[in-house]
1. Output the qualifying pairs, or none if there are none: Cβ atoms under 7 angstrom, residues six or more apart or on different chains, first residue in segment 413-440 and assigned by TED's automatic domain parsing to the domain that holds LYS204, second residue of a type in the set (D, E, K, R) and part of a helix (DSSP H, G or I).
2. For segment 255-278, what are the residues that are at pLDDT 90 or above, outside any helix (DSSP H, G or I) and under 16 Å from ASN200 (Cβ atoms)?
3. Any idea which residue in segment 333-360 is modelled with the highest pLDDT, counting only those that are outside any helix (DSSP H, G or I) and surrounded by 22 or more Cβ atoms within 10 Å (Cβ to Cβ)?
4. Are there any pairs with C-beta distances below 6 angstrom linking a residue in segment 299-317 that is under 12 Å from GLN222 (Cβ atoms) and part of a loop (DSSP other than H, G, I, E, B) to a residue that is of a type outside the set (D, E, K, R) and modelled with pLDDT of 90 or more, with the two at least 6 apart or on different chains, and if so which?
5. So which residues in segment 167-191 are in a helix (DSSP H, G or I) and exposed (fewer than 14 other Cβ atoms within 10 Å of the Cβ), if there are any at all?
6. Could you go through segment 83-102 and let me know if any residue there is modelled with pLDDT under 55, surrounded by fewer than 17 Cβ atoms within 10 Å (Cβ to Cβ) and basic (Lys, Arg).
7. Consider SER297 against the criteria (1) at pLDDT 90 or above; (2) surrounded by 23 or more Cβ atoms within 10 Å (Cβ to Cβ): it satisfies all of them except one. Which criterion is unmet?
8. Quick one: how many residues across segment 223-254 are more than 30 Å from LYS188 (Cβ to Cβ), assigned to a helix (DSSP H, G or I), free of Cβ contacts under 8 Å to residues at least 40 places away in the same chain and over 24 Å from the mean Cα position of the chain (by Cα)?
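The values are calculated or read from the model by the stated rules, or taken from the named source; none is laboratory data. Small disclaimer: the values here were computed from a predicted structure and weren't measured. Using ideal geometry, Cβ is built from the backbone for each residue, glycine included, and neighbour counts are taken over all protein chains shown.
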Amino acid sequence: MKKTKSYLIKVVFMFLIPIYLWGCTMGSNYSIEEQNSGKENITIKFLSNLPERWSGQGKLEQLLIDKYMEENKNVTIEVEAYQDEPYKQRFKAYAISNDLPDIFFTWGQPSFFSPIMKGGYAAELNKDSFKETGFMEESLKGFTLNGKLYGVPKSSDYMVLYYNKALFEKYAINVPNTFGELIEVCNKLNKIGIIPISINAKDKWPLALLYQNLVLMEGGDQNLIYNAIKGDIKFSENVVLKKAAEDLKKLIEVNGKEEMISQEDFNASMNLFTQEKAAMYYMGSWEVGMENNPTLSDRFKQNIRVTNLPLSNGGGLVAWNGGGYAVSSKSEVKDEAIKLLEYMMKPENWSKMGWENGLIVPAQKNEDNRYKNESVLQKQIVNILNNAESQSGTPWYDSLTPNFKASIEDLSYQLALGGKNIEDFLLEVDKEIAKEKSES
């Protein structure tokens with residue numbers, strides 16, 4: 001199992017392990033003379049949630065940072081990076097001390113970014129500058145307050161079901177097209193001794209998203225769950241919301257030992273799938289970069305495929321523009337930090353390089369990003385997005401306050417892993433919604 005890593009990456013040792021740009025190699029060391037080109041030396045502190053700098057989006061982020069430093073010899077960029085949950089704790093510590101790094105990763109959901117915008121922690125950005133790079137108005141919604149832009153998304157995010165084609169073929173199992181078929185597949189895989197679905201249950205939010213997927217599957221209506229959290233519908237009185245809770249419990253029950261599932265964090269769940277111990281992996285579109293991870297076997301990478309949840313009842317998709325970047329309003333190098341962010345988000349940089357190399361599904365609309373040499377996995381994952389008849393927007397548990405988010409994640413975890421029965425889950429969600437309304 002991989003351990004959660006954190007890195008402070010500085011230019012002095014950034015190239016101890018060679019990192020190559022696609023098609024060209026970046027320079028490795030910068031002397032004082034090289035940096036001193038008549039401009040004032042600037043250091044930008046960059047807080048990231050991508051600790052793996054050699055693969056996936058972490059590699060792309062680092063390559064663009066290196067490229068910017070190559071083109072701006074007077075600029076040094078120091079990167080501090082953590083996995084999501086440790087990142088949240090580190091971010092909180094910085095925010096409490098009112099000393100956020102110059103550029104930082106942020107989730108665009110109200111539960112995370114709204115307090116940052118309202119608290120004056122993020123610098124205002126020029127909305128027109130970013131619209132010119134292909135961002136649509138809708139994709140910037142979660143990063144906007146009172147008509148002002150405070151951050152930009154880096155990808156289109158949606159939950160999918162990755163699967164190992166070779167394992168399915170080896171045991172003559174068909175890829176499920178309905179929820180009933182998915183349950184049957186899980187039962188067959190259990191009998192064979194293979195974990196059916198790897199789920200990052202320990203971090204809880206994937207279970208809350210899975211519940212929303214199942215609500216959409218059962219009801220075919222994106223608005224149902226949002227109407228419920230507005231208080232227009234009670235969870236405890238709605239047939240669809242109850243059936244989705246039953247589905248969640250059933251899916252976890254057929255998926256293996258409860259004590260093992262409850263301990264699966266991001267690294268553990270990813271490793272179960274990449275080491276071919278699990279046949280499927282419930283995770284976001286952002287993990288499309290698995291097929292370009294140099295630490296994984298070629299055999300495995302050639303067999304990664306993806307399908308959509310929900311498996312029936314319409315063509316809706318739980319999709320949003322979630323993660324992105326913001327600049328600290330207190331930054332002493334704010335102008336240079338904004339220049340770096342604008343540089344990274346040029347269409348030929350983050351969007352083009354990310355898609356071209358199978359690392360992201362971009363949040364920017366750029367037709368030039370589609371190439372004939374797309375992998376099978378890329379084609380499958382973008383077709384899921386393109387064929388969606390509707391998109392959810394901000395996930396349900398992220399739509400209100402941080403306290404609501406934490407409570408719903410806990411309740412989803414308790415429902416899925418046996419600590420909470422269905423009726424109590426629904427009643428307690430209603431209580432959390434009532435509490436939000438009374439405090440608003």
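1. LEU415/LYS249; ALA416/LYS249; LEU417/GLU258; GLY418/GLU258; ILE422/LYS242; ILE422/GLU246; ILE422/LYS249; LEU426/LYS242
2. Within segment 255-278, GLN275, LYS277, ALA278 meet the criteria.
3. Taking the candidates together, the pick is MET345.
4. If the second residue must be of a type outside the set (D, E, K, R) and modelled with pLDDT of 90 or more, the pairs left are PRO310/ASN213; PRO310/LEU216; PRO310/MET217; ASN313/MET217; ASN313/GLY220; GLY314/GLY220.
5. Selection gives GLU169, LYS170, GLY180, ASN187, LYS191.
6. No, segment 83-102 contains no residue that is modelled with pLDDT under 55, surrounded by fewer than 17 Cβ atoms within 10 Å (Cβ to Cβ) and basic (Lys, Arg).
7. (2)
8. 2
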